[in-house]
C-alpha cells in the first residue's frame, strides 16, 4: 500500500507523463504539418521527457513491491528500461541530425509551428513549477529533479521557436536548430545510458552523498569511520557503513547507530536502507580496575572506597595508580556513579577476587569485561 505522500508523488508523476506525451504528440503533428526537422527533434525530446516522468512514477510504485525472492525490491527494472530507451534516444538523435544536415529545409505553415512551440514552452515551465511544488510538499528528490528537467527542456523549444521564426530570413536557421536539439537529445541519451550502467554495475555513491553522510557522522564524538559503501537501485540508495566507537554499553551503541541511520535518511530522503556495523575502538593497551575496600580487593564495586587502576602493555604492567571512588559517599545511585568514574578512567576490564553476587554485576557487564583472577590481582596489589 502506498502512503499518502507517495500517492501524491505518484499522481504528480502520472500527470507529468500524460502532459508530456500530449506535448510530444502535438509537436509530432506540428512537425508533419510544417516539415520542420527541429520540431520533429523536439517532439522526440518531449517523448523522452514523458518516459522520464513515467520512470519516476514506476520507481514510486515499485518501492512497495518486495518479496522473499526480491528482498531489495525491483528498483533496477527502472534502470534496465532506461538503458534500452537511452540507446533508442541516441539512435533517433543521430538520425534526425543526419537528416537535418543532408536535406534542405522546406518549412511551411510557420505560424502553426510557432504556436505549437510557444505552447510547449509555456506548458513545460508550468509543469516544472508544479512538480517542484509537489516535491517540496512530499520531500521527493526524484520529482524535484524531474521538475527542473521540465523547465530546462523548455530551452530546446526556445531553440526550435527561434529556428522557425528566423527561417524566413535565414533558411538554414531551422536546420541549425534541428541539429542543436538533436545534439541535446544525443547527450541526454548518453547521460541516461551512463547513469543506468553505473547503477546496474553497483557503482559507489557519488561524492555529494558521501559528503552528506560524513557530515552526519561527524556530529558523533568518539567514533572512527572505517568505511562507507553504497549502491543505487532505481532512484533509491542502499548504504553500508563501518564505524568503531568507544561506547561501552552495547545497548547504547545500538541506540546510537539507530539514530545515525535515522539522521542519514533525513539528510538523503531517497535512501531506502542503512546498515551500520560497529566495533569497539582498539587500544594499544588494556586498562584494569580492582575495587578496594580498606585496602583489600572486594567484589562490592559500588561500596568500594577506591579503585586500583593498572595499565598493561603487551602483558607488561606499566603503571598503577589508586583513585578514589566518588560513589562511596552516596546514599543511593552508587553503582551508576562508580560506572561513570570507571568509564572516565578508560577502564577495559574489572578484576574481582571471587565471583560476585548477581545484581549490580549484571549492569557492570554491559560496560566492562569482568574477570575473576586472584593471581593477577595479587601481582598488581602486591
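All of the numbers you see were taken from the coordinates with simple rules; none came from a lab. Just so we're clear, the structure is a prediction, and the values are computed from it rather than from any experiment. When we count neighbours, we look across all protein chains shown, and the Cβ atoms used for this are built from the backbone with ideal geometry, even at glycine.
The long axis of helix 37-62 is offset from the longest Cα principal axis of the chain by roughly 30 degrees.
Rounded to the nearest 0.05, the FRET efficiency derived from the C-beta distance between residue 155 and residue 266 at R0 = 25 Å is 0.15.
Let me make sure I get this right: for region 4-200, a, b and c are the square roots of the gyration tensor eigenvalues over alpha carbons, sorted descending. Under 1.5 in a/c it's rounded, otherwise prolate if a/b > b/c, else oblate. Which is it? In terms of gyration-tensor shape, prolate. To the nearest 10 degrees, how steep is helix 334-344 against the longest Cα principal axis of the chain, on a 0 to 90 scale? Taking the Cα atoms of the chain, the angle to 334-344 is about 70 degrees. Fully extending the segment from residue 221 to residue 11 would add 71.3 nm, taking 0.36 nm per residue of separation and subtracting the current Cα-Cα distance. Based on Cα contacts under 8 Å between residues 6+ apart, region 286-381 shows a relative contact order of 28 percent.
Just so you know, the Cα atoms of region 300-363 work out to an Rg and Dmax of 12.5, 40 Å. FRET efficiency for the residue 251 to residue 328 pair, using the beta carbon distance and R₀ = 35 Å, is estimated at 0.85. With a Förster radius of 30 Å applied to the beta-carbon distance between residue 279 and residue 373, the computed FRET efficiency rounds to 0.75.
Where only DSSP H runs of four or more residues are counted, the chain gives -20000 deg cm²/dmol as its mean residue ellipticity at 222 nm, each run worth -39500 (n - 2.57). The alpha carbons of region 207-280 give a radius of gyration and a Dmax of 11.9, 39 Å, in that order. To the nearest ten degrees, helix 207-217 and the longest principal axis of the Cα atoms of the chain are 30 degrees apart.
For the chain, DSSP calls about 65 percent of its internal beta bridges antiparallel. Over the chain, the hull volume per residue, using the convex hull of the C-alpha atoms, is 192 Å³.
Largest GNM mean-square fluctuation across 57, 327, 173, computed for the chain with C-alpha springs under 10 Å, falls on 327.
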